[in-house]
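Single-structure report; data block below.
Throughout, read-outs are computed from the coordinates displayed, never taken from laboratory work. Nothing here was measured: the structure is a model prediction, and the numbers come from that model. Counting neighbours? That spans all protein chains shown, and the Cβs are built from the backbone with ideal geometry, glycine included.
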């Protein structure tokens, strides 16, 4: 396993410090605050540590205040319900004595039932697309050195967009707030369904809010807006493997009131719809 992927698995693994209380590390990924996907993945891990024999079927989360990248995060899990088919957990993430994030997660035993789904959109083969670094490095002369260094980092999630970011192609004024991104873990993972779900939760926050911003931002560091995730919801429909290619179809149906809504549909390479994601984010004009 590549060290960068092993580090992500370590990040998503939590230390048990008391019954239903866990502690996780933080990572500085180049921003001023903890990456939302990290808190999301760790909180789902904490909830899964208290459930046996059931897979996650949904989660609903709120980002309350920015997390401190220099401090660990404590996760307190409340057992809300254990029924015959479903279990529900509530998780609060705490830093410096205050809640920074909360999550409710539902887990279900495997059951048969009727099936239908949205069709997977057409997309180029992921192996034919450039990596994140290959996509952006030709434009390195447009960016300051810290951003170029960030572009060149090895990443635990291999992302391959089907198009240039809008802020690299601002003349495309007709471009809809929509994007297609293939992603997968950057290496082989152990066969653990909940681990794969936690990694997909982590990855689901990497590009989703960008979809709501892309119709308005004019550059990669557009300082006209204050941008932050407000909430995040996921529904897990079908089995998936985070180390196999997944197509993330992201759209933004609305932006208003200094908030933008984004929806995402994560498809397996065989066309099966595996996960639906929704997120609302702050897009506040800065006066």
- Taking Cα atoms only, Rg over Rh for the chain with Rh from the Kirkwood formula is 0.95
- Cα-based Rg of region 1-114 per 2.2 N^0.38 Å, rounded to two decimals? 1.10
- Query: Based on DSSP H runs of at least 4 residues, each adding -39500 (n - 2.57), what is the mean residue ellipticity at 222 nm of the chain after dividing by all its residues, to the nearest 500 deg cm²/dmol?
  - Reply: -5000 deg cm²/dmol
- For region 123-287, what size does the Cα cloud have along each of its three principal axes, sorted from largest down, in whole Å? 49, 35, 27
- Message: Pairs of alpha-carbon atoms within less than 8 angstrom and 6+ residues apart define the contacts here; what relative contact order does region 1-110 have, in percent?
- Response: 28 percent
- Query: Can you sort 34, 69 so the residue with the fewest Cβ neighbours within 10 Å comes first?
  - Reply: 69, 34
- On a 0 to 90 degree scale, rounded to 10, what angle separates helix 3-12 from the longest Cα axis of the chain? 50 degrees
- Message: If you fit an axis through the alpha-carbon atoms of helix 36-48 and take the longest principal axis of the Cα set of the chain, what angle between them do you get, 0 to 90°, nearest 10?
- Response: 20 degrees
- Query: Using the count of nearby Cβ atoms within 10 Å as a rough guide to exposure, how do 241, 188 rank from fewest to most?
  - Reply: 188, 241
- Item | Packing-based exposure ordering (other Cβ within 10 Å, fewest first) of 181, 39 | 181, 39
- Task: With a ≥ b ≥ c taken as the square roots of the eigenvalues of the C-alpha gyration tensor of region 111-199, please select rounded if a/c is under 1.5 and otherwise prolate if a/b is larger than b/c or oblate if it is not?
- Result: oblate
- Task: Kindly express, to the nearest 10 degrees and within the range 0 to 90, the angle between helix 193-204's C-alpha long axis and the longest C-alpha principal axis of the chain.
- Result: 30 degrees
- Got the relative contact order for region 123-287 handy, in percent, Cα pairs under 8 Å and 6 or more residues apart? 22 percent
